[in-house]
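Worksheet for the structure shown next.
The values are calculated or read from the model by the stated rules, or taken from the named source; none is laboratory data. Since the model is a prediction, treat every value here as computed from it, not as a measurement. Glycine also receives a Cβ, built like all others from the backbone with ideal geometry; neighbour counts cover every protein chain displayed. Please note that ligands, DNA and RNA were not included when accessible areas were found on the heavy atoms of the full protein model with its side chains. Shrake-Rupley method; radii C 1.70, N 1.55, O 1.52, S 1.80 Å.
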Amino acid sequence: DNQIYGMLGVYEDVTEQKFAEKKLQLAAGVFRHAREGIVITEATGNIIEVNAAFSLITGYSHEEVIGKNPRILNSGRQDTAFYTAMFVDLQAKDHWSGEVWNRRKNGEVYAEMLTISTVRDKQGAISHYVAMFFDISALKEHQRQLEHIAHFDALTSLPNRVLLADRLRQAMVQAQRRGQLLAVAYLDLDGFKVINDTYGHDAGDQLLIAVSASMKGALREGDTLARLGGDEFVAVLSDMSDANACAVTLTRLLAAAGQSTQVEQNQLQVTASLGVTFFPQADSVDADQLMRQADQAMYQAKVSGKNRYHVFDAAQDRSVRGLHESLDEIAGAIAREEFVLHYQPKVNLRTGEVVGAEALIRWQHPVKGLLSPAHFLPVIEDHALGVQLGDWVIHAALQQLTQWRAQGLALPVSVNVSAHQFAHESFVEKLSDALLQHSTVAGLLEMEVLETSAMQDLNRTAKVIGACVALGVSFALDDFGTGYSSLTYLKHLPVTLIKIDQSFVRDMLEDADDRAILEGIIGLARAFHRGVIAEGAETIAHGTLLLQLGCELAQGYGIARPMPAEQFPAWVATWQPYPAWTATNLP
């Protein structure tokens, strides 16, 4: 009865095995249900497994690719050097990631984002490669559409200002390298406004589309035809042997612009005025100067009777631009203190508040009377006298601010700064000295720099503006929309105000394109937290539409013409906004 009863058993712990099985099941589930295509290859590169997403993306079934090399997907878009660099990177880092263009079974080429990882065994030898990819064709197409919108005109699909600027610069470089002539033609349609007014903007748009296609067909494949907006176009004609060879192309371009177009029941037709300039020239010129020269020549074609072209004559540049005063005369006028500043008010259209004034230079000529800047500023644009006169404007404006403050009037005054003056190495130093002399009004000085000037050297422009802001001077980006506007400039330049060029404001009541540009600029200003002011408010209707578009600040003849300093305080005291403006509902 003292026997002991018991059981003897043998057992094995399978916890780790169960855990491993679950991991395998999880991995298999991920492989099977992943939306990304997955490919597993041997170290030799032959495919040993693919998932369902692989077949969905490529069109190849599981059975069709097992044992094959992934090169069956090769589209030919990337060369051997690309795949060699991929393999070297993979060997060095055990992984590679990037964009690859492959080809589906049906022959369609598509873009994919691909990641390849190396799998090594316990000894460190490569046992497998695992590749994961997903189709980014839709993203690529969206990117292409965005790039098209950024660089091409929405109506005609011609290059816009941005793309034109790039192509013109490239063409200038090639012309110098090849020793050949480059022609820049500025073209404006004659009578297009009459078409719009008579038949409506839809008919005008159809005519623009037809004329654009016709003119593009008249040019060679390597030439560029761009639409600047409205009925203005620019053609860049490369590799011209001489000016005479260009004449044939220009004549063909004018004929194309003048072709009759059937729009609904109407046969519509316009002509064109064309100005052309050539590069290279005896003097150094940049792309902006070429555009201005061609524009001036186009104006000469207009006043000469339209439906013709006019060649810009660099030797007679000053007379073409109406610049009648010599450097000696201007230097003498500075010494005799013949220059004066007139002031144009800036107002809030809705509240009637006068928010400031723009100082505008005039020449009180002893014989010819009061001359506008067009008679003398272009002559000294790139001359030391331009810097000297610009410095005088700053001092004169500060002195006037001091006088007004003593009279109880304290309003900001803005002065225009030329590109040459702004680029001068002592600009900030001289400005600092001027502000010290007029310290009581230092915070009331504003500066307006042209958009095209600001773009010449963005980094330097940002530094100079930043240094001036530190002195208490605020900045506005003047004539915005006339240059090759970029979001980069708004992002990096510490300007507080965007000034819409009057050319868009003046025609916005009739021109839907100008109105759309205005809406875009106002939207940009709002997005980048910048103030916005419009030039060219010439009528009550202009002011009303500006308010409806969301722009409260404006200046222009509809408010007041530039006036002598002594008249300004009385005007400020008596001015009232129009009732139509104060009643306008803002967006």
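How much length would be gained if the chain were fully extended between Y299 and E264, taking 0.36 nm per residue of separation minus their Cα-Cα distance, in nm to one decimal?
9.4 nm
Go ahead and run the numbers for FRET between Q78 and A154, Cβ-Cβ distance against an R0 of 22 Å, rounding to 0.05.
Result of the calculation: an efficiency of 0.10.
Modelled label-to-label distance, T271 and R252, 7 Å Cα→beta-carbon offset: nm?
2.2 nm
Heavy atoms only, 1.4 Å probe, whole protein assembly: order V236, V469, V428 by accessible area, highest first.
Ranked list, largest accessible area first: V469, V428, V236.
Write down the accessible area per residue of the range 66-111 in Å², having rolled a 1.4 Å probe over the full set of protein chains.
Here the residues of the range 66-111 average 63 Å² of exposed surface.
Give the accessible area for R526 in Å² (nearest 10); use a 1.4 Å probe, count only protein heavy atoms, and leave out ligands, DNA and RNA.
We get 140 Å² for R526.
I'd like to check one number: the per residue accessible area of the range 196-327, probe 1.4 Å, reported in Å² as a whole number.
47 Å²
I'd like the FRET efficiency for E381 and V162, computed as 1/(1 + (r/R0)^6) with the beta carbon distance as r and R0 of 25 Å, rounded to 0.05.
0.50
Modelled label-to-label distance, Y578 and S97, 7 Å Cα→beta-carbon offset: nm?
6.0 nm
Can you tally the net charge around G305? Count Lys and Arg as +1, Asp and Glu as -1, for every other residue whose Cβ sits under 15 Å from the Cβ of G305.
+1
Distance check, please: which entries in K430/K499; K68/K93; K193/K346 exceed 28 angstrom between their Cα atoms?
K193/K346
Note the full-extension length gain between E337 and Q399 as 0.36 nm times their separation in residues minus their Cα-Cα distance, in nm to one decimal.
20.9 nm
Can you tell which of A374, A203, Q289 lies farthest toward the positive end of the dipole of the chain, using +1 and -1 charges on the Cβ of basic and acidic side chains (Lys, Arg; Asp, Glu)?
A203
For the range 246-285 and the range 112-167, what is the separation of their C-alpha centers, rounded to whole Å?
One Cα centre to the other: 39 Å.
Can you tell me the dipole magnitude for the chain around its Cα centre, using point charges on the Cβ only (Lys, Arg +1; Asp, Glu -1), in Debye to the nearest 20? Can you show the working numbers first?
On the way: 48 positive and 70 negative charges, 83 e Å.
Using Cβ point charges on Lys, Arg, Asp and Glu, the chain gives about 400 debye.
Once neighbouring chains are kept in place and the probe is 1.4 Å, which whole percent of the accessible area of the range 289-422 is contributed by carbon and sulfur?
Carbon with sulfur: 49 percent of the solvent-accessible area.
Separation between the H128 and Q281 pseudo-spin-labels, each 7 Å from Cα along Cα→Cβ, expressed in nm?
It works out to 6.9 nm between the two label points.
To the nearest 20 debye, what is the magnitude of the charge dipole of the range 170-214 about its Cα centre, counting +1 on the Cβ of each Lys and Arg and -1 on the Cβ of each Asp and Glu? Working shown, then result.
Numbers: 3 positive and 5 negative charges, 99 e Å.
That gives a dipole near 480 debye.
When the accessible area of the range 118-190 is computed with all protein chains present and a 1.4 Å probe, what percentage of it is carbon and sulfur?
55 percent
For D121 and N348 in the same chain, what is the full-extension length gain: residue separation times 0.36 nm, less their Cα-Cα distance, in nm?
Taking 0.36 nm per residue and subtracting the Cα distance, the gain is 74.2 nm.
Keeping every protein chain present and rolling a 1.4 Å probe, give me the accessible area per residue for the range 509-587 in Å².
I get 47 Å² per residue for this part.
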